[in-house]
Amino acid sequence: MKPKVLVCVLTSSESWVNPWLVANLLQVHQDSRFEVEIQLVVDCRPVDTARNCCVITAREHHADWLLMVDCDQSFLAEWEPAQLPHDGRHDK
């Protein structure tokens, strides 16, 4: 069974999304080692409320990992989930 990763992108309806972030999201969505779901969190304020919504969504979807990213950010093109904390639950 593949580990589930929920990626939440925090944004507003008047905002733009960093094009490098879009490229990063496409890259992680195609990573065959993981079941990746991407959710937009739009116009949820203040930011602590938005982040709490992400945690609730991750729990509802039984995600093993949660990645929260602001819409104006991106992450390394060499994204390597193997560097994330590892508990051995998905070694099969």
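Looking only at the stretch 23-54, how many residues end up being in a helix (DSSP H, G or I), loosely packed, with under 13 Cβ neighbours inside 10 Å and either within 14 Å of the chain's Cα centre (by Cα) or of a type outside the set (A, V, I, L, M, F, W, C) (or both)?
Residues meeting the conditions: 5.
Just checking, which of 55, 9 is modelled with pLDDT of 90 or more and in contact with a strand residue (DSSP E or B) (Cβ under 6 Å, 6 or more places away or on another chain)?
The unique qualifying residue is 9.
Among the residues of the stretch 5-20, which ones are within 18 Å of residue 51 (Cα to Cα) and not in a loop (DSSP other than H, G, I, E, B)?
Those that are within 18 Å of residue 51 (Cα to Cα) and not in a loop (DSSP other than H, G, I, E, B): 5, 6, 7, 8, 9, 10, 11.
Can you name the number of the only condition in (1) over 16 Å from residue 74 (Cβ atoms); (2) in contact (Cβ under 8 Å) with a residue 12 or more places away in the chain that residue 49 fails?
Checking residue 49 against (1) over 16 Å from residue 74 (Cβ atoms); (2) in contact (Cβ under 8 Å) with a residue 12 or more places away in the chain, the one that fails is (2).
For residue 64, which of the numbered conditions (1) surrounded by fewer than 17 Cβ atoms within 10 Å (Cβ to Cβ); (2) acidic (Asp, Glu); (3) modelled with pLDDT of 95 or more fails to hold?
(1)
Just need a number here: residues in the stretch 59-76 that are under 15 Å from residue 41 (Cα atoms), of a type outside the set (Val, Ile, Thr) and touching a residue at least 60 places away in the same chain (Cβ under 8 Å).
Of the residues in that region, 5 qualify.
How many residues does the stretch 4-16 contain that are within 15 Å of the chain's Cα centre (by Cα) and either surrounded by fewer than 17 Cβ atoms within 10 Å (Cβ to Cβ) or of a type in the set (Phe, Trp, Tyr) (or both)?
Within the stretch 4-16, residues that are within 15 Å of the chain's Cα centre (by Cα) and either surrounded by fewer than 17 Cβ atoms within 10 Å (Cβ to Cβ) or of a type in the set (Phe, Trp, Tyr) (or both) number 0.
Quick one: count up the residues across the stretch 67-77 that are surrounded by fewer than 14 Cβ atoms within 10 Å (Cβ to Cβ) and among the hydrophobic types (A, V, I, L, M, F, W, C).
Counting residues in the stretch 67-77 that are surrounded by fewer than 14 Cβ atoms within 10 Å (Cβ to Cβ) and among the hydrophobic types (A, V, I, L, M, F, W, C) gives 2.
The values are calculated or read from the model by the stated rules, or taken from the named source; none is laboratory data. Remember, it's a predicted structure, so these values are computed and weren't measured experimentally. Neighbour counts run over all protein chains shown; Cβ positions are idealised from the backbone, glycine included.
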